[in-house]
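Take a look at the structure below.
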Amino acid sequence: MTSRIAVLFPGQGAYLPGVLAERASHFPGAMEVLETVDKVAGEHGHEPISPLLLDLDAPPLEDLLEQSADRLDLAIYAINAAAYEILLGLGLRADVLVGHSFGEFAALSAAGAVSVADVARMACSRTDAFHRANPGDGGLVALGVPAWRARHIVGLLDDPNLHLAIDNGPGQTVVSGPLPSLGRVEELAVGLGLRATRLRAGYAFHNPLLHGAGDIFRRSTADVRLTEPRTPVFSPVLGRHVRTAQDARDVIERNMVAPVRFYDGLLSLFRAGTTTFVEAGARQALTGIVKSSLPPSALAIPLLPSRGDMARVKSSVTEAGFFVDWAPPVREDRGTDAAAKTPADQDKAAQPEPEKEPLPDREKVVRELAEMYAEELGFPVEMLTADIDIEADLGVDSMKQLALFQRVRRQYGIGEPPPEHRARATTLDKIAALVEEQLR
């Protein structure tokens, strides 16, 4: 059976400031996506979205949630849609598209079932629906257990407002509910020796508590034009392929309330011959789920796991065995007579000058490292302060620290430092300093 390619679109939390800097400008389709989203944002009274994605000094996720949360859905969608345009520009074609939670909107637009502008408008309507319905403070907690065990935990608490929101596989199930209820989930999980991680979410997504907001959203988007997808789309909310315009509408209207059966979707696609999964979005949450949930023969490729230039994107795709039909534009040297140059000079002039990126802000790097280490180690991100000792305070052995640092190297595109320098990097602040040293 021929291997098939699935492109995955992440949802909540898939935001990384400046992730499209030095990338989107190479692809007209990606820039058109950003222009369209910016225009719609302006129509709804929001500031432009593109600076969040093109500026390396844009606010991180925590700050965006506190200062301008209404732009987060737009930013996540813009990243996903632009990432898909980058994939197309690299010459990759998907056999099936899959969205996770809010990422289903991006899958539908990539498939041609709805326009980019209309998804941007729906993102604004979605945010407005939350404000109008005012469903109360809620959120999500990820438990490091399969769905059947998470169901037992929820059953023990006997709380009608708690629901299994997302089944990501044997290693993670997400529970949704009001904040006090989630606190009890965390207490019970800790008492049972299980990992519980509070996710950054402002509402109890995929929970009947959002029916009021869902009804407002459904009425406000009833006139959005939808068509049959031109590229196959598998919906974890429907549990099957999206075949008609009505199917697409069902995905959109049920997105807030219905549970996400992502693991079932991965299994169905894998059994049907889909063995390559490319994550078209920021970070690599879905890539990690594929790796932990499917057999080793499944290949998972994060397109934008970190910030950087196109060389990193091209490298991640080509290393996975794909031929990339794209090369950076060659800059012309107009200040010197080409005829006066030696062949070696002309050869050198034909190569694009490397662009040196500005050094990242130390505090930002520490925050990014905290998120990365929290994800890998299963600790709450609030626990990972800048001065906490990775080994003495957290008990992380040297082999695990080395593996974590290799991910840091990939994230920031740095070389291997001298062993004695790495050995002294025992806290997040010192690791950030080492990153800065290597980037100089």
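The values are calculated or read from the model by the stated rules, or taken from the named source; none is laboratory data. Worth saying up front: this structure is predicted, and the values here are computed from it rather than measured. Positions of Cβ are backbone-derived with ideal geometry, glycine not excepted, and every protein chain shown enters the neighbour counts.
Data overview
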item	result
Matching residues in the stretch 1-56 - criterion: being hydroxyl-bearing (Ser, Thr, Tyr) and either surrounded by fewer than 20 Cβ atoms within 10 Å (Cβ to Cβ) or in a helix (DSSP H, G or I) (or both)	Thr2, Ser3, Ser25, Thr36, Ser50
Number of the condition not met by Leu192 [criteria: (1) out of contact with any helix residue (DSSP H, G or I) (no Cβ under 8 Å at 6 or more places or on another chain); (2) not assigned by TED's automatic domain parsing to the domain that holds Ile289]	(1)
Residues of the stretch 8-55 classified as in contact with an Asp or Glu (Cβ under 6 Å, 6 or more places away or on another chain), without any contact (Cβ under 8 Å) to a residue 60 or more places away in the chain and farther than 28 Å from Pro232 by Cα, total	3
Selection count, the stretch 174-222, where residues are of a type in the set (Val, Ile, Thr), at pLDDT 95 or above and in contact with a Phe, Trp or Tyr (Cβ under 9 Å, 6 or more places away or on another chain)	2
Any hit, the stretch 222-244, residues being part of a helix (DSSP H, G or I), within 30 Å of Ile5 (Cβ to Cβ) and not aromatic (Phe, Trp, Tyr)	no
Criterion violated by Leu97 - all others in (1) farther than 18 Å from Gly378 by Cα; (2) outside the structural domain of Val251 (by TED's automatic domain parsing); (3) among the aliphatic types (A, V, I, L, M) satisfied	(2)
Members of the stretch 404-431 that are modelled with pLDDT under 80 and closer than 29 Å to Val174 by Cβ	Arg410
Filter result for the condition that a residue is at pLDDT 75 or above, surrounded by fewer than 18 Cβ atoms within 10 Å (Cβ to Cβ) and not acidic (Asp, Glu), over Ala374, Ala344	Ala374
All strands (runs of 3 or more DSSP E) inside the stretch 115-215 with 1 or more residues being charged (D, E, K, R) and more than 30 Å from Pro295 (Cβ to Cβ)	196-198
Restricting the stretch 57-83 to residues that are of a type in the set (S, T, N, Q) and at pLDDT below 95, the residue that is surrounded by the fewest Cβ atoms within 10 Å (Cβ to Cβ)	Gln67
Unmet criterion (only one of (1) modelled with pLDDT under 95; (2) in a helix (DSSP H, G or I)) for Glu332	(2)
Answer residue from the stretch 163-181, given it is surrounded by fewer than 24 Cβ atoms within 10 Å (Cβ to Cβ) and either out of contact with any helix residue (DSSP H, G or I) (no Cβ under 8 Å at 6 or more places or on another chain) or among the polar types (S, T, N, Q) (or both) and is nearest to Ala285 (Cα to Cα) among those	Leu179
Residues of the stretch 4-48 classified as of a type in the set (A, V, I, L, M, F, W, C) and within 19 Å of Gly308 (Cα to Cα), total	10
Residue check for Arg261: at pLDDT 95 or above and more than 19 Å from Leu143 (Cβ to Cβ)	no
Residue check, Glu85 within 30 Å of His241 (Cβ to Cβ) and in contact with a Gly (Cβ under 6 Å, 6 or more places away or on another chain)	yes
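Residue-wise test of (1) touching a helix residue (DSSP H, G or I) at 6+ places or on another chain (Cβ under 9 Å); (2) crowded, with 16+ Cβ neighbours inside 10 Å; (3) in contact (Cβ under 8 Å) with a residue 24 or more places away in the chain.
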site	(1), (2), (3)
Leu209	no, yes, yes
Arg218	yes, yes, yes
Asp223	no, no, no
Ser235	yes, yes, yes
Leu238	yes, yes, no
Val242	yes, yes, yes
Ala248	yes, yes, yes
Gly273	no, no, yes
Phe277	yes, yes, yes
